[in-house]
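The values are calculated or read from the model by the stated rules, or taken from the named source; none is laboratory data. Just so it is clear, the structure is predicted and the values come from calculations on it, not from any experiment. Note: ideal-geometry Cβ built from the backbone for every residue, glycine included; neighbour counts use all protein chains shown. Only protein heavy atoms, including side chains, enter the accessible area calculation; ligands, DNA and RNA are left aside. Shrake-Rupley method; radii C 1.70, N 1.55, O 1.52, S 1.80 Å.
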Amino acid sequence: MLHYNLIPKPNRYDEAAGSFTVSQGTQILCAQEFLDAGNYLTAYLKTKPQPDAGAVKVKKAAGLPPEGYRLRVSSDGIVIEASDASGAFYGAVTLRTILMQAKKQDGKATVEGLFIEDAPAYSYRGVHIDESRHFFGAETIKKTLDAMAMLKLNTLHWHLSDDQGFRVESKRYPLLTEISATRKYAGLKGCGLENRGGEYTCFYTQEEIRELVAYAAARHIAVIPEFDIPGHTTAILAAYPELSCTGGPFEVDCTTGIFEPILCAGNDAVYTFLDGLFEELCGLFPGKYFHLGGDEASKGHKVWEKCPKCRALMEANGLKDGAALQELFMSRTAKIVEKYGKTAVAWNDCIGDGVDESVVCQFWHLFDPRAVRKQMQKRKFILSPDGYCYFDISYANIPLKKTYRFHPKKVGFGKADVLGLECMHWSEWLETERALQFAMFPRIAALAEVAWTDPALRKFKDFYKRLSWYKTYWRKTGVY
């Protein structure tokens, strides 16, 4: 039983003798490389250091695992130790959460003695947001990043291009901004919703992207952009129809589903376009990974099989069908982003033996268990199974307890195959910040604990008790 409510649950937590009182006068002392941790604490304490008010020390210590930390509270003071900046930051997150819950009197908080030693189970702990279908804007993204940091989630997977809109300013290809960022209606037709609202134009400027990426980085969150290819590209083709097999015309979709429009795999101009676009976009996102999508292109495969250029490419490479051609396409585009310092990620329904082994596979649905098992021997995986981690699906189908009880073995994986876990928020029907938050909270906390804490230490009843404080905090800060 923890004295304080902490999610994710620390992997080691011992109560200790003594206590320490923290006030605005308490100094935050940290190494230069740990400034993010110091800033996170001072932002909460609004410190005005006084020499007799003690100190919180954030210190470098060898031997701790990546992102790991130690936190010690005694009558002598508070010490956070870490071997890297992320570990120091997570120690600061834990301490700040404790300070929020500590007994307070006369503007001072008294923290009971304790020792925590902690590190994550997985190096990748992600949250996905789709802003192609519905655009939430910078303030919503910042609120989400704040919540992620508090739960020690470290990756934002940002879906920025699909059939329903291209959401990043491009200076190299201005029609992506002038045409692809606009659709005729705000509402998406289907599931009882008719087209509604006037013209819908939404995109981030490059300066806004840089600001949000920096905001995330200060919270030790990497941003992975997703620009879905070769299918889910109607918005791109509306601006540049010559990149299709048929020549169009196309218009940005106001409906949802899986559509035929697809980039022409047999047209060298497509790869020239993507090279230029990805060079521009990779410059906006300094992280390691770049998501190429690759999902739900099956209707486009039939277009390829009728296209003379695509058929010629298939024959030249001995490919039997459009699915095999897509594997060639994904490998070629992965090499483009690799040229700009990125590792490509793609969805599992486009991954086969023909896809370069450098490509990380994001697993979302078990189409063919044998194919997935085969790929485990070739590449790393990110797990986002739709039966556990698709938070745009109702709580009736994916209740909190089901997400909390997820384990990779439930979808056929061992831990060694997996970089980490990610929860999804597709926005066909998440039309507002309120709807997004309702889908996200509190399931995001369950995902955070599954991705961090040793399974042997996790019990749902215990988690649910700790969650009560977080739910109260979220409500007070305006989260629905």
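Global dimensions of the chain from alpha-carbon coordinates: Rg and Dmax equal 23.8, 79 Å. Per-peptide packing, taken as the mean over residues of other Cβ atoms within 10 Å, places 343-349, 295-301 in the sequence 343-349, 295-301 from highest down.
What does the extension gain come out to for GLU211 and THR343, with contour length at 0.36 nm per residue minus their alpha carbon separation?
Gain on stretching GLU211 to THR343: 45.2 nm.
For the chain, the membrane-span-like helices by this rule, meaning whole DSSP H stretches whose C-alpha atoms cover at least 20 Å of axis and whose Kyte-Doolittle mean is -1.0 or above, are 85-101, 268-282, 322-339; this says nothing about an actual membrane. Using only Cα positions of the range 316-382, each an equal point scatterer, no hydration layer, compute I(q)/I(0) via Debye at q = 0.12, 0.24, 0.29 Å⁻¹ and quote the log10 values to two decimals. Taken in order of the listed q values, log10 I(q)/I(0) reads -0.29, -1.06, -1.34.
Entry note, the chain: relative contact order of 14 percent, from Cα contacts under 8 Å with a spacing of 6+ residues. Here TYR464 and ALA312 are evaluated by their C-beta separation; at R0 = 56 Å the FRET efficiency comes out at 0.40.
The order of the peptides 444-455, 304-315 by mean Cβ neighbours within 10 Å, most packed first, is 444-455, 304-315.
FRET efficiency for the LYS48 to LYS142 pair, using the beta carbon distance and R₀ = 35 Å, is estimated at 0.85.
Ranked from largest to smallest solvent-accessible area, with a 1.4 Å probe on the protein heavy atoms, TYR44, TYR390 come out as TYR44, TYR390. Considering all C-alpha pairs of the range 75-209, those separated by over 17 Å amount to 71%. When both bridge partners sit in the range 55-96, DSSP labels roughly 55% of those beta bridges antiparallel. Would you mind estimating how fast the range 27-117 diffuses translationally, via Stokes-Einstein at 25 °C and 0.890 mPa s with the Kirkwood radius over Cα pairs, in µm²/s? The diffusion coefficient I find is 187 µm²/s.
Extending 7 Å from Cα along the Cβ direction at GLU357 and again at THR201 yields two label points whose distance is 4.9 nm. Computed on the Cα atoms alone, the convex hull of the range 248-303 gives a volume of 129 cubic angstrom per residue. Volume of the convex hull of the range 147-210 (Cα atoms only), normalised per residue: 135 Å³. When the P(r) is computed for the range 2-60, the part past 12 Å accounts for 72% of the Cα-Cα pairs.
The ellipsoid that matches the Cα gyration tensor of the range 274-400 has semi-axes, each √(5λ) in whole angstrom, of 26, 21, 14, with the longest given first.
Rolling a 1.4 Å probe across the protein heavy atoms gives the chain an accessible surface of 41 Å² per residue. Surface composition of the chain: carbon plus sulfur atoms contribute 51% of the solvent-accessible area (1.4 Å probe, protein chains only, all chains present). A viscosity of 1.002 mPa s and a temperature of 20 °C, combined with the Kirkwood radius over C-alpha pairs in the Stokes-Einstein formula, give the range 380-480 a diffusion coefficient of 150 µm²/s. Over the range 95-144, the fraction of Cα-Cα pairs per 10 Å bin, rounded to whole percents and listed from the shortest bin up, is 17, 25, 26, 24, 8. Among 119-128, 21-30, sorting by the average number of other beta carbon atoms lying within 10 angstrom of each residue, highest first, gives 119-128, 21-30. The rule of thumb for compact globular proteins, 2.2 N^0.38 Å, goes into the C-alpha radius of gyration of the range 364-437 1.22 times. Looking at the chain, what % of its DSSP beta bridges pair antiparallel, to the nearest 5? Around 40 percent antiparallel, to the nearest 5.
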